[in-house]
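Input: a single structure, listed below in structure tokens.
The values are calculated or read from the model by the stated rules, or taken from the named source; none is laboratory data. Source: prediction; values computed, not measured. All Cβ positions, glycine included, derive from the backbone under ideal geometry; neighbour counts span all protein chains shown. For accessibility, only protein heavy atoms count, side chains too; no ligands or nucleic acids. Shrake-Rupley method; radii C 1.70, N 1.55, O 1.52, S 1.80 Å.
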Amino acid sequence: MKTLVAFIDRLIPSDELGPGAVASGAQIYIDRALAGPNASEKDTFVQGLESVDAYAQRVHGAALAELSAEKRDEVLNEMIESPFFNRARILTLEGMFSDPYYGGNKNFAGWDLIRYPGPRPAVAAGDQALNADVKPYRMSAYGIKYGH
Amino acid sequence: MAISLKPADVVVIGLGAAGGVAVLPLARAGLKVAGIEAGTWMDPHLDFHADEVYNNVRRLVTSSSKAQRECPTVRATTSQQARSAGVHPMMNAIGGTSIHYWAQSWRLKPWDFRTRSESTRRYGPNSIPAGSTLEDWPLTYDELEPYYDIIEQEVGVSGKAGNIQGRIDPAGNVFEGPRQREYPMPPLRGAGFTDHMMDAARELGWKPFRPPAAINSQPYRGRNPCVFHGYCSAGGCHVGAKNSTAITTIPEAVRTKHLTIFDKAQVTRIITDSNGRVTGVNYIRDRKEYFQPAKIVLLAGYTYENSRLLLLSKSKAYPGGLSNNHGQVGRHYFGHWVSNVSALFPYDINVWYGLPAQGVTVDEWADDSFDHAGLGFIGGASLHVYTERHPIDAAAMNTYGRAPLFGSAWKKFVHENAGRVASTYLQTNTFPYETTFLDLDSEVRDPLGDPVCRITFGGVRENEQRALQHAQNKMEQWFRAAGAIEVTKPPANGPRISTHAYGGTRMGDNPETNVVDRWGFSHEAPNLGILGASVMGSSGARNPTLTLQALAWRTADHLVKNWKSLAG
Ligand SMILES: Cc1cc2nc3c(=O)[nH]c(=O)nc-3n(C[C@H](O)[C@H](O)[C@H](O)COP(=O)(O)OP(=O)(O)OC[C@H]3O[C@@H](n4cnc5c(N)ncnc54)[C@H](O)[C@@H]3O)c2cc1C
């Protein structure tokens, strides 16, 4: 988990544009996914995290979580072509931009980032106008309990 | 031993888009119909959600187990080892794939029914793609027109006519064949962006229009209109505006009390007697095996299962598989060539909401709408620009080399651009070839021990490649005219496995090259009918469902009118 957090924290960092992957709970989404619906890829994914740490240790002298943000960015750039990077990125995007029901996208930080106005019960013609400034509808498809 | 059940007049295997409409005319005629369906009823409240993870990432509406367990294998040529296609795109449910499809509801063009003779007449015999097994259909557009009309009314299709009995209306598709009357509902409204694209097409001198859809644009027969919430693709409709057969023709047939549905029941064999007539089907439900006797069997399990079940149903009369004594089962198969040309705009296009059937279509570069002399191909592709964009998919957008793949610079990029990408659906006129076919896999089996279907998709198809590239260039021209700053054209390739899979049990007058006759009944087993795009010998440049439903209704209608001679 420590390595995962250190990794996705650099994929989508918190900055002046708002919370990043960790603050939005993408790691919770990934953790739950690997425990359930994505269980079949859990071993491969955990091995991927281990090899990231092994690499960081070998090339930069410490496990990923012990490295500075700049050093972690270097690690990410060095492995950007790897299948693990791609898979971790996809799962992070899923966590950050999915319905908050799944544990990520806390306070709709992901949807705010990309300016997705949210699923609403009915969409008026005006909500589909070109360049419309659609007021975000911030509600989980599964009800208030999961975020609103 | 299978448990023998009370005989039915007609067994329909599969209550999807095709089987689900055929039951209605049969039940209305008072025939006792047994609908045997591997899936069951879906519940709009429990099964359909405005949720990208549920519908599109985990595919929970569609990942029903039987289809996945028997997912076909794929190879390019016979010298290769076929491998699992991975995911079967179709589903098992009452309503079948019409539960979660996009519901674009096209009629084919008169040209599609006569492509071989029309192309030969206009461009000479060498225009027919080398190696193709293309034949004219055994019926014309005019013969199918009344059935198109029935489906549009019974299922409910919204749209704008472009040609009513020869009167052309530029608000509709001026390239369509003549229709007897207007659609029962007006077309779905446009979105700001699709209206903008419509203007851009007009400026190019093209004739854009709002395409037809089996989606209610207004209340229809007691069902709700579309709410445009943006979770139509691969999801079911929670308000009942998507006219799957599960909420239209099937309940209507149930009301006649002549349709009995056997759900969660998988047909494993079609049984024949020594005279070569079918006598019923074996199916498995709850691990028990049943025999359902019937006077007529209609097979409607989707293209891959249609060929597979026939090939599995071997008997004395049909040693190489049912209705395969001419070796035609699995032949003339092909998957539809489709493509997404996407574009980035320098402003917010706001296509988050809506649905893939909401959009604008251009038909000038499809079919035979333009002169092909000297182009080196026949056919083309329809160009369709649509709405509905989901947040995970939007965030995973191409960065066009303008930003890195992660970090604050990436955040800034998606903040600005995630809402500025447009998608399209290009559908190519696709033809059958000698070296593209279905058979049974030699190794991979389903959990019942039966071989899965194997797809051999054959070599390079220059005709389709050129036709699609030509259309992709037109799409780029259209996007640029509308102000796009980036346009991405994927390689023009055919599919490995397809949601628009055609052939395998082709319809035609010649029993040497076709499995079913012009009415959809087997040339060999006279009381076996086949429904679905597996009977279609060419695709047209548009989705298949309205056509396969019109054909299914026509087959059922023919059965009702000729009951004595067909049922024996
Ligand atoms: C995401 C998506 C979008 C699409 N969009 C469009 C569109 O916009 N327009 C369009 O025209 N088409 C569209 N299509 C294609 C459309 O879904 C198919 O053309 C149509 O559903 C085919 O009808 P069918 O009855 O042959 O198969 P299905 O609808 O798949 O039905 C087959 C049924 O048979 C059952 N079955 C199979 N084998 C057995 C067996 N052995 N025993 C018992 N039952 C069995 C299955 O459970 C299933 O319910 C789309 C498809 C997908 C996946």
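Brief remarks on what is shown
- Counting only helices (runs of 4 or more DSSP H) that sit wholly inside the stretch B:1-86, those with at least 2 residues that are closer than 21 Å to B:Ser534 by Cβ are B:19-28, B:65-69.
- The single condition from (1) away from the ligand (no atom under 16 Å from the Cβ); (2) more than 17 Å from B:Pro432 (Cα to Cα); (3) part of a loop (DSSP other than H, G, I, E, B) that B:Pro89 fails is (1).
- Total residues in the stretch B:74-88, condition within 20 Å of the chain's Cα centre (by Cα) and buried (at least 18 other Cβ atoms within 10 Å of the Cβ): 3
- Total residues in the stretch B:6-29, condition more than 15 Å from the ligand (Cβ to nearest atom) and either farther than 14 Å from B:Asp557 by Cβ or within 14 Å of chain A (Cβ to nearest Cβ) (or both): 3
Yes/no matrix, rows are residues, columns are (1) within 20 Å of the chain's Cα centre (by Cα); (2) within 14 Å of chain A (Cβ to nearest Cβ):
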site: B:Ser382; (1), (2): yes, no
site: B:Ala394; (1), (2): no, yes
site: B:His415; (1), (2): no, yes
site: B:Arg445; (1), (2): no, no
site: B:Thr456; (1), (2): yes, no
site: B:Gln465; (1), (2): no, no
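- Scanning the stretch B:323-355 for residues that are in a loop (DSSP other than H, G, I, E, B) and within 14 Å of chain A (Cβ to nearest Cβ) yields B:Phe345, B:Pro346, B:Tyr347, B:Asp348, B:Ile349, B:Asn350, B:Val351, B:Trp352, B:Tyr353, B:Leu355.
- Selection count, the stretch B:302-322, where residues are within 16 Å of the ligand (Cβ to nearest atom), assigned to a loop (DSSP other than H, G, I, E, B) and open to solvent by less than 30 Å² (accessible area, probe 1.4 Å): 3
- Those residues of the stretch B:30-54 which are away from the ligand (no atom under 15 Å from the Cβ) and either in contact with a helix residue (DSSP H, G or I) (Cβ under 8 Å, 6 or more places away or on another chain) or under 15 Å from B:Thr245 (Cβ atoms) (or both), in sequence order: B:Leu31, B:Pro44, B:His49, B:Asp51, B:Val53
- Residues in the stretch B:552-564 that are open to solvent by 10 Å² or more (accessible area, probe 1.4 Å) and assigned to a helix (DSSP H, G or I): B:Trp553, B:Asp557, B:His558, B:Val560, B:Lys561, B:Trp563, B:Lys564.
- Among the conditions (1) within 16 Å of the ligand (Cβ to nearest atom); (2) of a type in the set (Ser, Thr, Tyr); (3) open to solvent by 20 Å² or more (accessible area, probe 1.4 Å), B:Thr62 misses just one, which is (3).
- Any hit, the stretch B:101-112, residues being on the phi < 0 side of the Ramachandran plot, touching a helix residue (DSSP H, G or I) at 6+ places or on another chain (Cβ under 6 Å), away from the ligand (no atom under 14 Å from the Cβ) and modelled with pLDDT of 95 or more: yes
- Residue match in the stretch B:428-443 (condition: within 13 Å of another protein chain (Cβ to nearest Cβ) and at negative phi): no
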